[in-house]
Amino acid sequence: MTLNAQRDQNKDPKVTEVVEEYCESIHNMTLEEGKPVIAARLAERMNVSPPTVNATINRLKDHGFVMVDEKSKGIRLTELGEEVALSLSRRHRLLERLLVDVLEFDWEAAHEEACRLEHAISPSVEKALTRFLGNPKTCPHGNPIPGSGFILPEEAHPLDQTPIGVKVVLLRITEEAEHEPGLLRYLQEHHLMPGVIFTVKSSSPFRETLSAMTEEGHEVTIGIKIASKIWVTPA
């Protein structure tokens, strides 16, 4: 029986909300950092204590959701854990599209509401939601919806690597950036969202800030660390 079938029939008690959240976080962090996840970083990401993370990871390992390297202690998802992560990520991003595009929630509120609702969505509702939304490729922040067929352009790169004076198009705001308190609201209020064309006006490594100007004349200043979590493509 597939994970979706199990979830639809509520016959797999091992796939709890905690399991889903941990698998999704490990998946996203692995993509962002390009290496196995360390427990201390996972604790920071999930805002829980290291002992709590260690205990939960041991349970996930026992149930076949993760593998832990004996030497490095790096955490990787198994095939089952990856399936759990992608399933939750898909539901979350579809819900964000519904909340933003149809119900007109702002980005930050939509992200928070999607976190509350994502665990209750069954495969049948997920399919209906996909049809209703027109099979979207990304969430409102530009992150790919698993299973949509979206492919990141080869020329995509982090904003902090963009030279001054170069015009770019905002492609995506990573999941890591979405966890920065108030960032989604700030970017939306300053009209810095996927599809917007803007130019990097200045960069100050000493102050650790970067300034940009959209084609509509909206100026925004963000930290260079945050800029590394925002992806763009040449305009």
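The values are calculated or read from the model by the stated rules, or taken from the named source; none is laboratory data. Computed from a predicted model, the values in this text were never measured in an experiment. In this analysis, Cβ positions are derived from the backbone assuming ideal geometry, glycine residues included, and neighbour counts consider all displayed protein chains.
Data overview
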item	result
Positions within region 103-150 being part of a helix (DSSP H, G or I), in contact with a Leu (Cβ under 7 Å, 6 or more places away or on another chain) and among the β-branched types (Val, Ile, Thr), in sequence order	Thr130
Of all residues in region 190-220 being among the charged types (D, E, K, R) and outside any strand (DSSP E or B), the one that is farthest from Lys167 (Cα to Cα)	Arg207
The one condition in (1) surrounded by fewer than 17 Cβ atoms within 10 Å (Cβ to Cβ); (2) under 13 Å from the mean Cα position of the chain (by Cα) that Ala120 fails to fulfil	(2)
Flag for Cys139 being on the phi < 0 side of the Ramachandran plot and at pLDDT below 95	no
Every pair of residues 6+ apart whose Cβ atoms lie under 7 Å, when the first sits in region 167-183 and is assigned by TED's automatic domain parsing to the domain that holds Met213 while the second is surrounded by fewer than 17 Cβ atoms within 10 Å (Cβ to Cβ) and hydrophobic (A, V, I, L, M, F, W, C)	Lys167/Ile197; Lys167/Ala235; Val168/Ala235; Val169/Ile197; Val169/Ala235; Leu170/Met193; Leu171/Ala156
Residue match in region 105-112 (condition: closer than 18 Å to Val15 by Cβ and not assigned by TED's automatic domain parsing to the domain that holds Gly195)	no
Residue in region 134-151 that is within 27 Å of Pro181 (Cβ to Cβ) and aliphatic (A, V, I, L, M) present	yes
Region 98-110, residues that are surrounded by fewer than 17 Cβ atoms within 10 Å (Cβ to Cβ) and in contact with a Lys or Arg (Cβ under 8 Å, 6 or more places away or on another chain)	Asp106
Residue check for Glu17: under 22 Å from His119 (Cα atoms), surrounded by fewer than 20 Cβ atoms within 10 Å (Cβ to Cβ), among the acidic types (Asp, Glu) and touching a residue at least 12 places away in the same chain (Cβ under 8 Å)	yes
Residues located in region 154-169, provided they are in a loop (DSSP other than H, G, I, E, B) and either out of contact with any Leu (no Cβ under 7 Å at 6 or more places or on another chain) or under 17 Å from Thr214 (Cα atoms) (or both)	Glu154, Glu155, Thr162, Pro163, Ile164, Gly165, Val166
Subset of region 53-107 that is within 23 Å of Glu176 (Cβ to Cβ) and of a type in the set (Gly, Ala, Ser) - its residue that is farthest from the chain's Cα centre (by Cα)	Ser72
Residue tally, condition of a type in the set (Ser, Thr, Tyr) and loosely packed, with under 14 Cβ neighbours inside 10 Å, over region 185-220	2
Set Glu216, Glu189, Glu208: member being closer than 26 Å to Arg97 by Cα and more than 22 Å from the chain's Cα centre (by Cα)	Glu216
Test: Val84 is more than 30 Å from Pro36 (Cβ to Cβ) and out of contact with any strand residue (DSSP E or B) (no Cβ under 7 Å at 6 or more places or on another chain)	no
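Yes/no per residue for (1) buried (at least 18 other Cβ atoms within 10 Å of the Cβ); (2) at pLDDT below 95; (3) more than 20 Å from Pro194 (Cα to Cα):
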{"residue": "Glu112", "(1), (2), (3)": "no, yes, no"}
{"residue": "Ala128", "(1), (2), (3)": "no, no, yes"}
{"residue": "Gly134", "(1), (2), (3)": "no, no, no"}
{"residue": "Leu152", "(1), (2), (3)": "no, yes, no"}
{"residue": "Gln161", "(1), (2), (3)": "no, yes, no"}
